[in-house]
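Below you'll find the structure, written out as structure tokens, and then a few comments.
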Amino acid sequence: MKTYQTSQIKNIVLLGNAGSGKTILSEAMLFEGKMIDRRGSVEQKNTVSDFEPIEHETGSSVFSSLMYTEIADTKINILDTPGADDFIGNVVSSLHVADLGVMLLNAQNGVEVGTEIQARHLEDLNKPMMLVVNHVDHDKSNFEKTIEMAKERFGSHVTLFQFPVQEGPGFNSIVDLMLMKVLKYPAEGGQPEITDIPAELKGKAEELHNELIERAAENDEALMEIFFEKGTLTEEELMSGIRKGIISRGIFPLFCTAAKKNMGVGRLLQFIAKAAPSPSEMPAPKNSEGKEVPCDASAPASLFIFKSNIETHIGEILYFKVMSGKITEGSDYVNNNNQSKERLSQIFWVLGKNRTKVPELIAGDLGATVKLKNTRNNHTLTAPSVSFTFPPVKFPEPKYRTAIRPLNEGDEEKLGEALNRMHNDDPTILIEYSKELKQIIVHGQGEHHLNILKWHLDNEFKIPTEFLPPRIPYRETITKAAQADYRHKKQSGGAGQFGEVHMIIEPYVEGAPVPSVYKINGKEFKVSVRDTEEHDLPWGGKLVFHNCIVGGSIDARFMPAILKGIMEKMEEG
Ligand SMILES: Nc1nc2c(ncn2[C@@H]2O[C@H](COP(=O)(O)OP(=O)(O)OP(=O)(O)O)[C@@H](O)[C@H]2O)c(=O)[nH]1
Ligand SMILES: [Mg+2]
């Protein structure tokens, strides 16, 4: 197993609308890096990324998945995310640990709703972005229109690094504006033949090449001077300008691919390996002590858990980013969120559902561990010498809710446990036990999101459930005084039981005097208050409870039970 320094690690997240080709691109990336020897497909349900049964059933990604590929002495950690907005939680947690967003645009549709939503999250975190126009081999591909839409949405920082010689089913060649060559792919994709740009495309290529150089120079004053003096930049200077531009979001490099045919993917990877920021080049995050924690391999070790999921036979798998120092197999760390000690007896590199045990993980790298006792999503573990935490991932608020109940009586507890586990793994699922409605309410990002939750309950947890509309909380209030009596009599052997409760209820008025006489329906009730309790109610307002027991023969032990009965009735409205 190779060891990589922080500068040789790149963390990328694949973004883009559902169907833009993220999963297929990740598959081709693994193939190009020789991590797999054959490319799977979504249709055959055998991609590395979409390994969950529900992903096979729906033919699309539902969870983010971590993978890595190795190219040009660089380890590129890849997070493939689901494009459907219902699963945005997976995008948000992946963005949290990635250092570059690779936004796929489907050349058939250009900028789509999913592109919009995900780009906003990327902007909120101020993370670098590059664009990949995929599906350029599709007969409905419209490269020019896609570029136009991209520039409209992302502005003039969109910079073409490539364009297809011919799009549509005949696509097999790309003009590369850095190399100023044509990459011509064989039918099965992979390694391109490098040829000269044909005369009819030379003019367009020259123009775009100059634009690219100018854009690179703009991000560095020293480069700008060289550019003005010499009218061009060396390859090294060009790359230095591009790298600075990417980090500051001054350049959004745009590439093109036909991921399904593995065309353009190898070149894209080489570019990412060279030009993407390594974790230590990104702004250092601030810890709970307000101090910056640079991604420095020689600092005390710290890691942040950004994702978890349960796997049968193994238990909970926790995915983390090494934020500083080195994490070594078999060492003890402290969970600073709850002060518990954790031994990381096994640490892994992750390739979808496959894991490779490694002796250490260095600052900036992404990996996983298992069998921790008290650690979950959003927690920070550190070496005992430091005690800070990292800020948690901020998840979007839920947008949709429904009531849920188990079909089998007696499954209530199991359902509660399963729902809590699902909330742990996907914090955009919120569970509410509404006492008022006497229902379990699940909140999620959309109907699809909650249907998938139900699928897991039915199929994996084996708890058949049904969704119900949440009851409407009728909050009625009393408007006038009323009186009620109840007689309890039980004569089944022994001493028997007998009790009478007389109750008067009336609306509460702030500052009203202690009552002594009530007139209800023409009858008069005299009371003498022995004791008064006041209770603030959870939904606002107040209960003033006067104990007017006569004769003194009633045991005070019964009072809490009477009060409880009244409270319960009030909760029901
Ligand atoms: N023609 C063509 N089809 C592609 C290309 N890339 C992906 N596809 C197909 O497009 C469909 C969607 O691809 P995925 O990789 O699952 O898309 P995704 O972006 O991961 O979608 P979600 O997981 O739902 O967000 C599949 O049928 C792919 O085979 C491409 O470059 N060209
Ligand atoms: Mg996918």
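The values are calculated or read from the model by the stated rules, or taken from the named source; none is laboratory data. From a predicted model like this one, the values you see are computed outputs, not experimental measurements. Positions of Cβ are generated from backbone atoms using ideal geometry, with glycine treated the same way; all protein chains shown enter the neighbour counts. Accessible surface is based on the protein model in full, side chains and every heavy atom, while ligands, DNA and RNA are left aside. Shrake-Rupley method; radii C 1.70, N 1.55, O 1.52, S 1.80 Å.
Quick notes on this structure:
- Cβ-Cβ contacts under 6 Å between residues 6 or more apart (or on different chains), taken from a first residue in region 511-533 that is open to solvent by 70 Å² or more (accessible area, probe 1.4 Å) to a second residue that is not in a strand (DSSP E or B), are listed as Val514/Val529.
- Selected residue (only one of Lys341, Lys260 is on the phi < 0 side of the Ramachandran plot, among the basic types (Lys, Arg) and in contact (Cβ under 8 Å) with a residue 40 or more places away in the chain): Lys260
- So Phe51, is it surrounded by fewer than 20 Cβ atoms within 10 Å (Cβ to Cβ), among the aromatic types (Phe, Trp, Tyr), within 14 Å of ligand 1 (Cβ to nearest atom) and touching a residue at least 12 places away in the same chain (Cβ under 8 Å): yes
- Residues in region 240-260 that are in a helix (DSSP H, G or I) and open to solvent by 30 Å² or more (accessible area, probe 1.4 Å): Ser240, Arg243, Lys244, Ile247, Lys260.
- Of all residues in region 238-262, exactly one satisfies the criterion of being touching a Lys or Arg at 6+ places or on another chain (Cβ under 7 Å) and within 16 Å of ligand 1 (Cβ to nearest atom), namely Asn262.
- Screening Ile347 with (1) open to solvent by less than 80 Å² (accessible area, probe 1.4 Å); (2) closer than 30 Å to Pro473 by Cβ gives one miss only, at (2).
- Subset tally (residues that are in contact with a Ser or Thr (Cβ under 9 Å, 6 or more places away or on another chain), within 23 Å of Ile9 (Cα to Cα) and open to solvent by less than 10 Å² (accessible area, probe 1.4 Å)) for region 261-271: 4
- Single match in Leu238, Leu183, Leu233 (criterion: at pLDDT 95 or above and not basic (Lys, Arg)): Leu183
- In region 122-142, the residues that are surrounded by fewer than 19 Cβ atoms within 10 Å (Cβ to Cβ) and under 17 Å from Phe252 (Cβ atoms): Glu123, Asp124, Leu125, Asn126
- Of the criteria (1) more than 11 Å from ligand 2 (Cβ to nearest atom); (2) touching a residue at least 60 places away in the same chain (Cβ under 8 Å); (3) in contact with a Lys or Arg (Cβ under 8 Å, 6 or more places away or on another chain), which one His56 fails: (2)
- Of the strands (runs of 3 or more DSSP E) entirely within region 320-368, those holding at least 2 residues that are touching a Leu at 6+ places or on another chain (Cβ under 6 Å) occupy 331-335, 347-351.
- Test: residue in region 392-404 that is out of contact with any Cys (no Cβ under 8 Å at 6 or more places or on another chain), surrounded by fewer than 21 Cβ atoms within 10 Å (Cβ to Cβ) and farther than 30 Å from Gln118 by Cβ: yes
- Filter result for Ile562 (under 57 Å from the mean Cα position of the chain (by Cα) and open to solvent by 50 Å² or more (accessible area, probe 1.4 Å)): yes
- Sub-7 Å Cβ pairs linking a first residue in region 73-90 that is of a type in the set (D, E, K, R) and open to solvent by less than 10 Å² (accessible area, probe 1.4 Å) to a second residue that is more than 10 Å from ligand 1 (Cβ to nearest atom) and part of a helix (DSSP H, G or I), at least 6 apart or interchain, are Lys75/Gln8, ordered by first then second residue.
- Residue within region 85-103 that is within 15 Å of ligand 1 (Cβ to nearest atom) and closer than 19 Å to His138 by Cα present: yes
- Leading residue by the ranking (farthest from ligand 1 (Cβ to nearest atom)) among those in region 6-27 that are more than 17 Å from Ala363 (Cβ to Cβ) and in a strand (DSSP E or B): Ile12
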